[in-house]
Every structure is written in C-alpha cells, then in structure tokens.
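Accompanying notes for the structure given below.
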Amino acid sequence: ACRELRAGPLPDGLPTGHAVATTAGDLAARWVIHTVGPVHGRTPDGAARLADCYRNSLAVADELGARSIAFPLISAGAYGWPVEDAIRTALRTLRDAGATVTSVEDATLVLFDEPTLRLAESLL
C-alpha cells in the first residue's frame, strides 16, 4: 500500500505531521493510518508537527468512520523525541481532540515498556 502511495499521490513521501490511510493487508484492522513524526532537534516547529501527527491521524480516522485507533508513541524511538514530552504531547492532543465531535470513541496509546507505561500513568 505504501508503494502505491509513493507511485501515485505522494512520490516524495508523506510530509511531517500529515496522515494518510491505506488498507491494512493481513493485519487485524481495516486500515493503517500512516503519519511521519518530527525528528527531535531537526524538524522546524517540531512540537507542533508532533501534535499534528495525532490530530491529523484522528481526522483521517474520523473521515473513515473509525470508532477506535491505536497510536505508538510517535517520534520517541529512532527520532529521538524525549519520552516524557512525547507522552505529554500525545495525551494533551488526544484529550483536546476528544472534546470535539468525532466518530472515534477509543484512542489507545501503545507504549514501549513498563517504565514508559508508569511514566504515562503518572502524567494522566
């Protein structure tokens, strides 16, 4: 599905903070919503782009009529975003989005490990 996007409407790839859906292939989901997170310290206006990843992914999910969505902790791995800041941004953006009218009823943040889970729970 990604190859089709690169061969068609997104030959240069998806811009940071944007989101697009593809079919899910053999996964136990209807769709996969792709987003590109910012690289910490290298992406202009990175904090805003990180929030855009969540906001725009939710908008795509809403357009699809999805009722649930799961997110990894965007940019907190190879892109070097500080984990606590990434969690705060995700939680704030998902809470704010939940206050708007949307078909998404359940947003899950999938975390790396137990220490990250404990940190996220302390920030709730």
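Only one of (1) at negative phi; (2) outside any helix (DSSP H, G or I); (3) at pLDDT 95 or above; (4) crowded, with 17+ Cβ neighbours inside 10 Å fails for VAL39. Which number is that?
Only one criterion is unmet by VAL39, namely (4).
Being in contact (Cβ under 8 Å) with a residue 24 or more places away in the chain and among the hydrophobic types (A, V, I, L, M, F, W, C) is the filter here; which residues of region 28-47 pass it?
TRP31, VAL32, ILE33, VAL39, ALA47
Output the residues belonging to region 94-124 that are buried (at least 17 other Cβ atoms within 10 Å of the Cβ) and at pLDDT below 95.
Taking region 94-124 and keeping what is buried (at least 17 other Cβ atoms within 10 Å of the Cβ), we get 94, 97, 104, 107, 109, 111, 116, 120.
LEU94, ALA97, VAL104, ALA107 - these are the residues of region 94-124 that are buried (at least 17 other Cβ atoms within 10 Å of the Cβ) and at pLDDT below 95.
Among (1) within 11 Å of the chain's Cα centre (by Cα); (2) of a type outside the set (S, T, N, Q); (3) at pLDDT 95 or above; (4) not in a strand (DSSP E or B), where does PHE71 come up short?
For PHE71, the failing item is (4).
Hey, can you tell me all the residues within region 28-83 that are touching a His at 6+ places or on another chain (Cβ under 7 Å) and of a type in the set (Phe, Trp, Tyr)?
Selection gives TYR79, TRP81.
Looking only at region 98-124, which residues are over 24 Å from GLY77 (Cα atoms) and touching a residue at least 12 places away in the same chain (Cβ under 8 Å)? If you could, list the steps in order and put the result at the bottom.
Taking region 98-124 and keeping what is over 24 Å from GLY77 (Cα atoms), we get 98-105.
Across region 98-124, the qualifying residues are THR102, SER103, VAL104, GLU105.
All but one of (1) surrounded by fewer than 13 Cβ atoms within 10 Å (Cβ to Cβ); (2) in contact (Cβ under 8 Å) with a residue 24 or more places away in the chain hold for ILE74, so report the exception by its number.
(1)
List pairs: first residue in region 14-27 and more than 16 Å from PRO38 (Cα to Cα) and in a loop (DSSP other than H, G, I, E, B), second residue among the β-branched types (Val, Ile, Thr) and at pLDDT 95 or above anywhere in the structure, Cβ distance under 9 angstrom, at least six positions apart or on different chains.
ALA24/VAL32; GLY25/VAL32
Looking for something of a type in the set (S, T, N, Q) and touching a Gly at 6+ places or on another chain (Cβ under 8 Å) - is there at least one such residue anywhere in region 59-74?
Let us first name the residues in region 59-74 that are of a type in the set (S, T, N, Q), namely 68.
Next, only the ones that are touching a Gly at 6+ places or on another chain (Cβ under 8 Å) stay: none.
Within region 59-74, not a single residue is of a type in the set (S, T, N, Q) and touching a Gly at 6+ places or on another chain (Cβ under 8 Å).
Select from region 77-91 the residues that are of a type outside the set (Phe, Trp, Tyr) and out of contact with any Ser or Thr (no Cβ under 8 Å at 6 or more places or on another chain) and list them in ascending order. Even if it seems obvious, please write down each step before you answer.
Here is the first cut: in region 77-91, the residues of a type outside the set (Phe, Trp, Tyr) are 77-78, 80, 82-91.
Those that are of a type outside the set (Phe, Trp, Tyr) and out of contact with any Ser or Thr (no Cβ under 8 Å at 6 or more places or on another chain): GLY77, ALA78, GLY80, PRO82, GLU84, ASP85, ARG88, THR89, ALA90, LEU91.
Would you check if there is a residue in region 33-45 being over 13 Å from HIS18 (Cβ atoms) and within 13 Å of the chain's Cα centre (by Cα)?
There is no residue in region 33-45 that is over 13 Å from HIS18 (Cβ atoms) and within 13 Å of the chain's Cα centre (by Cα).
The values are calculated or read from the model by the stated rules, or taken from the named source; none is laboratory data. Everything numeric in this text was worked out from a predicted model, so none of it was measured. Every residue, glycine as well, gets a Cβ built from its backbone with ideal geometry; the counts of neighbours run over all protein chains shown.
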